There are 2 protein chains.
Amino acid sequence: MSESPESAIARRHFVNDPRRIVPEALAGFERANRTLVRWNREPSFIVRADDDRPDQVGVLSGGGSGHEPLHTGFVGRGMLDAAVPGGIFASPTALQVEAATTAIDRGLGVVHIVKNYTGDVMNFGMAAEMAASEVEAVLVDDDVATESEDGPGRRGTAAVIAVEKICGAAAARGASLAQVAELGRRTAAGARSMAVALHAPTHPGQARASFDLGEGEIELGVGIHGERGVGRRQHAPAAELAEALLAPVASALGLASGDRVLVIVNGLGSTHGLELSVMFGEAARLLDARGVEVERALVGPYVTALDMAGCSLTLVRLDDELAELWDAPVRTPALTW
Amino acid sequence: MSESPESAIARRHFVNDPRRIVPEALAGFERANRTLVRWNREPSFIVRADDDRPDQVGVLSGGGSGHEPLHTGFVGRGMLDAAVPGGIFASPTALQVEAATTAIDRGLGVVHIVKNYTGDVMNFGMAAEMAASEVEAVLVDDDVATESEDGPGRRGTAAVIAVEKICGAAAARGASLAQVAELGRRTAAGARSMAVALHAPTHPGQARASFDLGEGEIELGVGIHGERGVGRRQHAPAAELAEALLAPVASALGLASGDRVLVIVNGLGSTHGLELSVMFGEAARLLDARGVEVERALVGPYVTALDMAGCSLTLVRLDDELAELWDAPVRTPALTW
């Protein structure tokens, strides 16, 4: 039986009722990681299973589902105290965020790490007003593809991993609410990203991809929900694509010889580890040529866009304090050292 | 510009010269993980960067590339001392295996963990004869889809993760060559797997998938190189597919109420974490119904088949000793606790 054109791009998924995929996945995730996390079913959020921090600032993040392991996979010792998942590509409700904030507050306040999307900003903001807790919000807005847009500003993407790791490490060391928030803001201010899609994602239970790319076309500056980017171009060798991602990021950060960075090469869903390693090698080579020091690296699918093929490149400026917090021990389902 | 039928299934990859993807990926992998691993370029193998085990048995594995993070991602303290990568889906040479064996031998011998493929078995066997080291081979042959075939026997798939983890932990505790090999063989003997493909993989640099599935068709019993399985069937909800994977595995192991298992739900490449969590939840529910105790779990893309969509289910019988070795500390690029 040969494929019809219609079935040729059909994606099949492991799903029962597509409307139930998020709660079913959360139940499976909790059970697979039960020494690390617990799922609060109603309202829905993931918390640490072993939360033994009486005297620490709480660190909370969240956002739409479909980006796993972000954010639920980063709940645990040394990173997030809780994560609030919305529906697929949909913001969590203020009620969810407020309940999670209350659950993790030990009287020292809670930092909200919020990716810059209208719904997330609004619902985390409402939750901060509703909650009895003292809350400091850290906004993550790293995507240079949306730099010049009017309106909501740059989107938040993979830099959120660095902000969550550094805030979590600071909180674990007993930093105050203001200190944790300041470290998060400093990390976000020194972080920029750029993504490229080689193939569009497909929503679970749907057969057709969420956008079409023409023969040999790729989409530069794509968002983690498959939002249109800065433009389409012809596919090219990895070395060229790495330069297309790195140049605007390095420029936005004003990187110069001697600067130190964390490099995140993030898979957007269905791009293979071999390809991500090739892209990391190319990015490192380009940074070498600029005299920028690649001090730390993270390569893998950490902030996905369902099964989109593609990757994002994030550079995060490091200083001694940020590097030490990045290196601090962490134990979560998706990140451990 | 609308997609033509031909481009509709076109996959684009991050690659320069497809013939160079493996060495380029190894160079990037080494650089991203330089505190953990070192790449020996000629002959090609990955070794621990911090190899400080004067009095331990060496543990070595390897096989074709395209399955990353397997095996190179499992090199580090508490797991593999070295991994030998072949080309994409191609066995490493006997020369590579022999050189890696010699490099990690501390005079106490080396265990070879070999997935059951003709080329791997032959080349690891030749290397064992060539090497001055004392070598014990542990064969991993867990794929029940190939149970009844004449010829080379069951294929080796994701059970190799458990064998590598348990042998590595035993070696780190100072077990003898015979003891490490016995533990590996016991683990392999108690492990069976079954896979299903929802979409075929595409080789880097090629646009067309390596096999066609008809409209709504999936392939049960597929191998990790896209080998044909036990048959095609219509796509079905996750609960049904979990039963289709679990029933033959549980039957092959003769699992009964009260038995204890490690459950591995492994993504084959482009299947999203949400879907893997749903499948794990379904598998755990089916094991609950059989009275089998889900003692440990590992969910994620650990043994991939390039960008194939699909997953495999592996069950590994546990006893107190194997569970303790599974739990022992490990620090590698892909597995850390």
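Some notes on this structure:
- Verdict on A:Ala284 being more than 20 Å from the chain's Cα centre (by Cα), facing chain B (nearest Cβ under 8 Å) and under 22 Å from A:Asp319 (Cα atoms): yes
- Qualifying residue in segment A:51-73 (condition: free of Cβ contacts under 8 Å to residues at least 24 places away in the same chain, more than 14 Å from every other protein chain (Cβ to nearest Cβ) and either crowded, with 24+ Cβ neighbours inside 10 Å or outside any helix (DSSP H, G or I) (or both)): yes
- Unique match (being within 30 Å of B:Ser91 (Cβ to Cβ) and surrounded by fewer than 16 Cβ atoms within 10 Å (Cβ to Cβ)) among B:Arg228, B:Arg232: B:Arg228
- Failed item in (1) in contact with a strand residue (DSSP E or B) (Cβ under 8 Å, 6 or more places away or on another chain); (2) part of a loop (DSSP other than H, G, I, E, B), with B:Gly205 passing the rest: (1)
- In segment B:218-327, counting only strands (runs of 3 or more DSSP E) that sit wholly within it, the ones holding 3 or more residues that are farther than 26 Å from B:Asn116 by Cα span B:293-300.
- Pairs where the first residue, in segment B:294-322, is at the interface with chain A (Cβ under 10 Å from one of its Cβ atoms) and the second is surrounded by fewer than 22 Cβ atoms within 10 Å (Cβ to Cβ) and not basic (Lys, Arg), C-beta under 6 Å, 6+ apart: B:Val294/B:Ala284; B:Val294/B:Leu287; B:Arg296/B:Trp326
- Some residue of segment A:205-216 being buried (at least 20 other Cβ atoms within 10 Å of the Cβ) and either more than 14 Å from every other protein chain (Cβ to nearest Cβ) or under 17 Å from the mean Cα position of the chain (by Cα) (or both): no
- Number of the exception - B:Gln234 against (1) farther than 29 Å from B:Leu183 by Cα; (2) among the polar types (S, T, N, Q); (3) facing another protein chain (nearest Cβ under 9 Å): (3)
- For segment B:29-40, residues that are under 21 Å from the mean Cα position of the chain (by Cα) and either closer than 16 Å to A:Gly300 by Cβ or touching a residue at least 24 places away in the same chain (Cβ under 8 Å) (or both) total 5.
- Odd one out for B:Val97 among (1) surrounded by 20 or more Cβ atoms within 10 Å (Cβ to Cβ); (2) within 22 Å of B:Leu36 (Cα to Cα); (3) in contact (Cβ under 8 Å) with a residue 60 or more places away in the chain: (3)
- The condition of being modelled with pLDDT of 95 or more, over 15 Å from A:Lys165 (Cβ atoms) and among the small types (Gly, Ala, Ser) holds for only one of A:Ala328, A:Ala297, A:Ala250, that being A:Ala250.
- Where A:Arg106 falls short, out of the listed (1) within 12 Å of another protein chain (Cβ to nearest Cβ); (2) surrounded by fewer than 19 Cβ atoms within 10 Å (Cβ to Cβ): (1)
For every residue, the table says whether it meets (1) more than 12 Å from the chain's Cα centre (by Cα); (2) over 18 Å from B:Asp81 (Cα atoms); (3) open to solvent by less than 20 Å² (accessible area, probe 1.4 Å).
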residue: B:Ala159; (1), (2), (3): no, yes, yes
residue: B:Cys167; (1), (2), (3): yes, no, yes
residue: B:Ala170; (1), (2), (3): yes, no, yes
residue: B:Ala195; (1), (2), (3): yes, yes, yes
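- Selection within segment A:13-32 - acidic (Asp, Glu) and either buried (at least 20 other Cβ atoms within 10 Å of the Cβ) or part of a helix (DSSP H, G or I) (or both): A:Glu24, A:Glu30
- Candidates are the residues of segment A:182-204 that are among the polar types (S, T, N, Q) and more than 10 Å from every other protein chain (Cβ to nearest Cβ); the one that is farthest from A:Asp259 (Cα to Cα) is A:Ser193.
- Look at (1) under 27 Å from B:Thr332 (Cβ atoms); (2) crowded, with 21+ Cβ neighbours inside 10 Å and you find that A:Arg296 fails only one, number (2).
- B:Leu276 being open to solvent by less than 10 Å² (accessible area, probe 1.4 Å) and at positive phi: no
- Yes/no for A:Val278 being at the interface with another protein chain (Cβ under 8 Å from one of its Cβ atoms) and within 30 Å of A:Gln179 (Cβ to Cβ): no
The values are calculated or read from the model by the stated rules, or taken from the named source; none is laboratory data. Keep in mind the model is a prediction, meaning the values are calculated, not measured. In this analysis, Cβ positions are derived from the backbone assuming ideal geometry, glycine residues included, and neighbour counts consider all displayed protein chains. Surface accessibility is based on the protein's heavy atoms, side chains included, excluding ligands, DNA and RNA. Shrake-Rupley method; radii C 1.70, N 1.55, O 1.52, S 1.80 Å.
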